[in-house]
């Protein structure tokens, strides 16, 4: 069983002290522990995870709605989808050493469950759900934004959430009734350090050019340029 000292350590990392400590324990309890120890853990964290996923999504969208007034519904949806990905949430979980606090069954423990990205991401969402139940929406929002703000700012500044090629394909079909065509116009550099230059055409007219270390990267940059011209 987790000690009060362990709980206090996690609460310190979260910046929140639970009124109902059992909620925090439930959020950290994997179903494997519950199945092996039903007397010690009558509940496990999947219900809280389900709730926490919704609280997380609402918090991210509300932040974007209030602070990024030029973002469309589509853009906000893409950023939200990026931020609630397993890889992003597991990184955040690792930053607060969440894996060390988990209650796992012997099988999961023996197979490295404390480092599994899926388990870490699910547990983080469960913790968010527990905070929401214990402290309310405003406190949950404060904790979520405190933990994810670097990820939010990074996603916005790097535009990692955009799929420019898909967006251009959709825009091209709607506006021109055809798909964009990509043409590699240049390859430079040594074999393992090649730089590709790609132009993108719509109905025979060039709309963008991009250069990158792969054709995909170059096409993405070209698509981004094309979109900026089409959407003027």
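Assorted remarks:
- Angle of helix 73-83 to the longest C-alpha principal axis of the chain, folded into 0 to 90 degrees and rounded to 10: 50°.
- Pairs of Cα atoms in the stretch 73-170 fall into 10 Å distance bins, from 0 up to the last occupied one, in shares of 14, 39, 30, 14, 3 percent.
- Across the stretch 164-230, the mean sequence separation of Cα contacts (distance under 8 Å, 6 or more residues apart), normalised by length, yields a relative contact order of 29 percent.
- Listed residues 150, 70, 134, most fluctuating in the chain (Gaussian network, C-alpha, under 10 Å): 70
- Pairwise label distance in nanometres, residue 157 with residue 138, each label 7 Å out on the Cα-Cβ vector: 3.0 nm
- Subtracting the Cα-Cα distance of residue 229 and residue 188 from their residue separation scaled by 0.36 nm leaves 12.1 nm.
- Most mobile of 204, 136, 107 in a GNM of the chain (Cα contacts under 10 Å): 204
- Rounded to 10°, Cα long-axis angle of helix 86-95 versus longest principal axis of the chain: 50 degrees
- Folded to 0 to 90 degrees: helix 164-176 orientation relative to the chain principal axis, Cα: 50 degrees
- Helix-only mean residue ellipticity at 222 nm for the chain, each DSSP H run of n ≥ 4 adding -39500 (n - 2.57), per residue, nearest 500: -19500 deg cm²/dmol
- Normalised by the number of residues in the chain, the mean separation of alpha-carbon contacts (under 8 Å, six or more apart) gives a relative contact order of 18 percent.
- For the stretch 1-150, the spherically averaged projection of the C-alpha convex hull amounts to 8.5 nm².
- Between 56, 168, 48, the residue with the greatest mean-square fluctuation in the GNM of the chain (Cα pairs under 10 Å linked by springs) is 168.
Every number here is computed from the coordinates shown, using simple stated rules; none is lab data. Owing to the predicted nature of the structure, the values given are computational and were not obtained by experimental measurement. Neighbour counts run over all protein chains shown; Cβ positions are idealised from the backbone, glycine included.
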